[in-house]
Amino acid sequence: MKKSLQVKMVLIMTLLAVSLMLVVGTMLVNNVTSFYNNDFLRQVETFFDEETLKLLNQAGQGGSQALYERIEVYSSQLGIDTYRNFYLFDRQGNYLTGSNEELGRTLQVTPNLLKALGGERGNEQGIAERYMDYAVALDDYVIYIKDSKDEVRDLTWEMVLLIIETMFVTMVIAILLSFLLARTITNPIERLTEGALRVAGGDFEPITVASSGDEISTLTETFNQMAQTLQNTLSESESEKNKFETIFLYLTDGVAAFDGQGRLLNVNRAALEMLSGDLVEGESTFSQVITPLTGLTVEQFGQEDTPLSREVVVGDRVLLLTFAPLALPGQGDEPSMGVVAVIHDVTEQRRLDSSRREFIANVSHELRTPLTNIKSYTETVLENADLPEQSRTSFLQVVLGETDRMIRIVKDLLMLSRLDNDKLDLRPRRFQVEDMVRHVYEAMKIDAQNRGHTLRLELHEPGSMTGDVERLEQVLVNVISNSVKYTPDGGEILIEAHREGDKVVMRVQDNGIGIPDEDLGRIFDRFYRVDKARSREMGGTGLGLAIAKEIMQVHGGEITLSSTLGKGTTVTLTLPAEGLAQGE
């Protein structure tokens with residue numbers, strides 16, 4: 001059996017060497033033939049250019065002999081030799097003369113010669129043909145060049161002989177090397193067999209090999225003997241490995257494992273932080289830690305492989321606890337079933353879900369109210385043809401106002417969608433901050449005066465910056481609009497702008513109703529409104545400051561807010577003077 005592997009190696013190496021030489025030889029022969037064909041075609045194609053054909057036509061006007069003499073002048077460029085000759089035919093296919101008269105009179109009509117007699121160039125070459133030819137038509141004659149390929153065949157035969165000699169030498173070397181390689185392989189296999197016997201006794205880790213009917217068969221039998229011995233150890237090790245991989249995944253999720261009696265086996269730092277308790281491995285129990293939160297007991301899991309989930313509130317956190325059975329080493333063949341708990345903090349997700357639901361309700365209300373008014377007033381106008389013109393105009397103005405209100409809501413939603421998808425179209429340019437602030441001041445002055453507010457402007461050389469003027473004006477308008485809305489009639493609003501080093505600072509200060517301390521942390525959250533009833537009454541959707549914050553961040557700036565309930569609010573916009581690069 002030991003010799004059989006060596007025989008296989010010798011046969012494989014010998015066949016490989018022979019196959020390789022045959023493939024290489026075939027490729028060389030084909031490449032040489034292709035090279036000669038391509039070189040022949042390139043040589044004659046290069047020669048028979050437009051200028052040469054013109055000269056040959058002029059020579060042909062003096063008769064076939066004059067044309068023959070002119071071609072002989074170029075014989076070296078055409079490679080005319082013992083193997084390659086040229087011949088002249090008239091346009092009817094009659095042979096006239098050539099560099100080898102004996103061969104010329106016995107020439108057979110080839111496809112290339114026929115094409116030339118028809119007025120086309122005959123330049124098709126076939127590797128299998130025993131000759132290479134080329135024919136070109138002149139006004140009165142056809143020049144035909146033919147190469148017998150004898151030189152190619154002589155060279156090919158020499159190559160074949162060389163390949164055969166090389167093949168025999170390669171076979172001898174392959175046989176010698178294969179014997180050496182076979183011994184190199186079989187010796188380690190014999191040593192591995194001895195090692196497998198030692199592994200069967202429990203000294204080494206398992207060795208996995210495949211059986212192939214030779215020396216490897218011995219290893220396969222030995223491994224099979226070893227497998228039974230290691231089965232219990234591997235089962236125990238795999239169970240421990242699965243347990244610790246499950247528990248000690250260093251993620252932001254908390255993980256805690258309990259045995260069948262409910263004792264805490266392992267817990268990670270994230271679980272300790274989320275559960276806010278002093279948990280001790282081996283002492284704390286499922287009934288102490290989990291049961292008070294979920295009402296579940298460790299006995300409920302048994303051997304069912306069905307995960308359970310419970311959502312609980314611990315302090316200011318909302319936690320999602322997912323439980324799954326955990327197989328632990330037990331007595332006999334039956335494993336002991338524990339339970340592993342994976343704890344995920346979903347506080348932020350639930351807050352966002354709540355905000356989204358509130359937003360949908362707010363938007364639905366905001367859209368329903370103007371739509372209801374539009375429908376009512378429109379129906380009134382349509383159903384009362386004799387309605388006074390003044391009333392008709394008043395009703396239509398209400399419809400127009402409600403339409404504008406819906407447009408503002410849709411614009412806010414569209415802006416939010418673009419910010420979420422990074423598709424906000426910015427047009428940065430260099431501008432004077434003073435001009436922008438003054439423009440916003442003039443635009444908001446009428447709204448402030450309608451509420452009896454005093455709107456003051458203080459500019460302290462804020463200089464220039466680079467940014468999207470329209471978007472920054474939108475931020476400033478949103479901030480000032482909030483001050484106008486939430487300041488009691490007759491209040492004071494200050495708009496101020498100045499420069500601090502490489503920063504542009506704009507500030508809006510009012511003496512309005514202010515914001516409670518508990519709401520300051522969420523004032524820039526999307527969909528969040530401090531006084532929901534009043535915001536709805538004034539047409540707010542809770543998006544203005546969120547959009548303002550996003551636009552400021554895109555410009556590399558920040559927006560901050562300080563407020564005292566009942567005394568007023570100050571909003572500060574800080575932007576880098578360089579801002580966005582133009583063309584971003």
Check: So which of Asp447, Asp519, Asp531 ends up being surrounded by fewer than 21 Cβ atoms within 10 Å (Cβ to Cβ), over 29 Å from Thr403 (Cα atoms), out of contact with any Pro (no Cβ under 9 Å at 6 or more places or on another chain) and at pLDDT below 90?
Finding: Asp519
Margin query: Looking at Leu455 and the list (1) crowded, with 18+ Cβ neighbours inside 10 Å; (2) under 47 Å from the mean Cα position of the chain (by Cα), which single condition is not satisfied?
Written below: (2)
Margin query: I'm checking my understanding of the structure. Among residues of region 66-78 that are within 13 Å of Ile145 (Cβ to Cβ) and open to solvent by less than 20 Å² (accessible area, probe 1.4 Å), which one is modelled with the highest pLDDT?
Written below: Ile71
Next item on the list: Scan region 19-32 and give yes if some residue there is of a type outside the set (Phe, Trp, Tyr), over 48 Å from the mean Cα position of the chain (by Cα) and open to solvent by less than 30 Å² (accessible area, probe 1.4 Å), otherwise no.
Entry: no
Item checked: Sole residue being assigned to a helix (DSSP H, G or I) and either modelled with pLDDT of 80 or more or under 35 Å from the mean Cα position of the chain (by Cα) (or both), chosen from Arg368, Arg357 -> Arg357
Check: How about region 301-344: which of its residues are of a type outside the set (A, V, I, L, M, F, W, C) and either at pLDDT 75 or above or in a strand (DSSP E or B) (or both)?
Finding: Ser309, Arg310, Glu311, Gly315, Asp316, Arg317, Thr322, Pro325, Ser336, Gly338, His344
Item checked: Of all residues in region 482-499 being touching a residue at least 40 places away in the same chain (Cβ under 8 Å) and open to solvent by 30 Å² or more (accessible area, probe 1.4 Å), the one that is nearest to Ser464 (Cα to Cα) -> Arg499
Notebook entry, point to check: When the residues of region 420-438 are filtered to those that are open to solvent by 80 Å² or more (accessible area, probe 1.4 Å) and closer than 25 Å to Gly501 by Cβ, which remaining residue is farthest from the chain's Cα centre (by Cα)?
Noted result: Arg438
Next item on the list: Look through region 458-478, keep the residues that are outside any helix (DSSP H, G or I) and free of Cβ contacts under 8 Å to residues at least 40 places away in the same chain, and return whichever of them is surrounded by the most Cβ atoms within 10 Å (Cβ to Cβ).
Entry: Leu459
Margin query: Going through Leu117, Leu103 one at a time, which residue ends up being modelled with pLDDT under 85 and open to solvent by less than 60 Å² (accessible area, probe 1.4 Å)?
Written below: Leu117
Note to self: For the condition out of contact with any strand residue (DSSP E or B) (no Cβ under 7 Å at 6 or more places or on another chain) and either of a type in the set (Asp, Glu) or in a loop (DSSP other than H, G, I, E, B) (or both), what is the one hit in Leu424, Leu396, Leu414?
What the structure shows: Leu424
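Residue-by-condition table, conditions (1) more than 15 Å from Asn94 (Cα to Cα); (2) out of contact with any Asp or Glu (no Cβ under 8 Å at 6 or more places or on another chain); (3) among the aromatic types (Phe, Trp, Tyr):
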residue	(1), (2), (3)
Leu107	no, yes, no
Gly118	no, yes, no
Asn123	yes, no, no
Glu129	yes, yes, no
Asp133	yes, no, no
Val142	no, no, no
Note to self: Take Thr97 and tell me if it is among the β-branched types (Val, Ile, Thr), over 30 Å from Thr26 (Cβ atoms) and open to solvent by 70 Å² or more (accessible area, probe 1.4 Å).
What the structure shows: no
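The values are calculated or read from the model by the stated rules, or taken from the named source; none is laboratory data. Quantities reported herein were computed from a predicted structural model and do not represent experimental measurements. Here Cβ is always computed from backbone atoms with ideal geometry, including for glycine, and neighbour counts include all displayed protein chains. Quick note on the areas: whole protein, heavy atoms, side chains included, nothing else; ligands and nucleic acids left out. Shrake-Rupley method; radii C 1.70, N 1.55, O 1.52, S 1.80 Å.
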